[in-house]
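A.B. asks: After the structure tokens below, expect a handful of questions from me.
Readers should treat all values here as calculations from the given coordinates under stated rules, not as data from a laboratory. Just so you know, these numbers come straight off a predicted model, no measurement behind them. A quick note on method: Cβ atoms are made from the backbone with ideal geometry, for glycine too, and the neighbour counts reach across all protein chains shown.
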Amino acid sequence: MKTTTAVFAAMKESGDKISMVTAYDYSTAKLVDASGINSILVGDSLGMVMLGYEDTLSVTMEDMIHHCAAVSRGAKDALIICDMPFMSYQTSVYDAVTNAGRLMKEGRSNAVKLEGGTEISEHIRAIVNSSIPVCAHIGMTPQSVNAFGGFRVQGKTLAAAQKLIDDALAVQSAGAFAVVLECVPSALAEYITQLLDIPTIGIGAGQGCDGQVLVYQDMLGMYSDFTPKFVKRFAEIGKNMTDAFVQYDKEVKSGAFPEEKHGFKIDESVMNELMIRKGGAL
Ligand code: KIV
């Protein structure tokens, strides 16, 4: 069954936890979809884990559309949320609506996600009014890494905690159907979750959120540049891949691969005819 924003609302109501993970390509999206995970986030984290940038700032609309379209071909049931990249919405309400529309029309996403609270609530309202569901994202918002002076836990002082609460309420009243809370102290995230009618999706925000999201390369042990404290490794796929590549390298070099069964047959008469034309053995 397709997960919709209405399913998210019903899960908040019933207290069922929402699962979300990132994916950026067709094959991974199919695997995620088959697992029963409720939602796929085509995150702009793809800039780091897929494209090797040091942060998410260089990611373009074209990158997001390209990856989101691949995911949407692979996922039938999961709700697909596509990140709006840096400077695709901050510049104006007009840009926000136009670019959100492109992610839906060209990327075939079911919803968009954008970072920020009170300061972008007007943008969120305009996108929602264009019939495009919006997931908000507050707390440690990676597109603001330079403004924050690094990747840091947010909301630790009274003023910062109050700002996060105000932001959460602002994005909810602007029409967001859910909000990601990233790197927020657990007790504060739980407090915000209880305050809101829309689901909160936590990443480094503790157990009290309505759902959780992780970057799949982090949870599968495939990205070694940096592992945040909040990540749990559910598998060591990176090590499995390296072991397999090492084995492949050995077998190619030793001639153990490919075996006869991996090849294709040709009629012996064709080979004989070729030899006759060449005037002897090949
Ligand atoms: O880009 C991303 O993957 C995200 C998650 C970390 C929430 O925004």
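A.B. asks: Straight distance only, please: which lysines reach the Cα of K17 with their own Cα at less than 23 Å, same-chain residues fewer than 8 apart left out?
C.D. replies: K2, K30, K76, K113, K229, K232
A.B. asks: Sticking with this one: Students often get this wrong: which residues of region 1-18 have the backbone nitrogen under 20 Å from the point 7 angstrom along Cα-to-C-beta of A34?
C.D. replies: 1-3
A.B. asks: How large is the charge dipole for region 184-282, taken about the Cα centre, if only the Cβ atoms of Lys, Arg (+1) and Asp, Glu (-1) carry charge, to the nearest 20 debye?
C.D. replies: Result for region 184-282 is approximately 300 debye, rounded to the nearest 20.
A.B. asks: Also, quick follow-up: Which of the lysines could a cross-linker bridge to K265, judged by Cα under 21 Å and excluding same-chain residues fewer than eight apart?
C.D. replies: K278
A.B. asks: Using all Cα-Cα distances in region 146-282, what percent lands in each 5 angstrom bin from 0 up to the longest?
C.D. replies: In order of increasing distance, the bins hold 2, 8, 12, 12, 10, 9, 7, 5, 4, 5, 5, 5, 4, 3, 3, 3, 2, 0 percent.
A.B. asks: Pairs of Cα atoms under 8 Å, at least six residues apart: use those to get the relative contact order of region 1-109, whole percent.
C.D. replies: 29 percent
A.B. asks: Identify the GluC sites (Glu not before Pro) of region 1-103 meeting these criteria: DSSP loop state and at most 11 other C-beta atoms within 10 Å of the C-beta.
C.D. replies: E54
A.B. asks: Pairs of Cα atoms under 8 Å, at least six residues apart: use those to get the relative contact order of region 163-282, whole percent.
C.D. replies: 14 percent
A.B. asks: Using Cα pairs closer than 8 Å and at least 6 residues apart in sequence, work out the relative contact order for the chain, in percent.
C.D. replies: Contact order relative to length: 14 percent.
A.B. asks: Based on Cβ point charges of +1 for Lys and Arg and -1 for Asp and Glu, what charge dipole magnitude is obtained for the chain about its Cα centre, in debye rounded to the nearest 20?
C.D. replies: Computed about the Cα centre, the dipole is about 280 debye.
A.B. asks: Please identify, among G149, G202, G43, the residue showing maximal mean-square fluctuation in a Gaussian network model of the chain using a 10 angstrom Cα cutoff.
C.D. replies: Top of the fluctuation ranking is G149.
A.B. asks: Considering the chain as a Gaussian network with a 10 Å cut-off on Cα pairs, which listed residue, Q247, Q172, Q154, attains the greatest mean-square fluctuation?
C.D. replies: In the Gaussian network model the winner is Q247.
A.B. asks: Under a Cβ-only charge scheme (Lys and Arg +1, Asp and Glu -1), can you give me the dipole magnitude of region 94-151 about the Cα centre, in debye to the nearest 20?
C.D. replies: Result for region 94-151 is approximately 240 debye, rounded to the nearest 20.
A.B. asks: Let me ask something else. When we measure straight from the Cα of K239, which aspartates and glutamates land under 17 angstrom away, once same-chain ones fewer than 8 places off are left out?
C.D. replies: D218, D225, D249
A.B. asks: Additional query: Which of the peptides 103-116, 225-238 is most tightly packed, and how do the rest follow, judged by the mean count of other Cβ atoms within 10 Å per residue?
C.D. replies: Most protected by this proxy first, the peptides run 103-116, 225-238.
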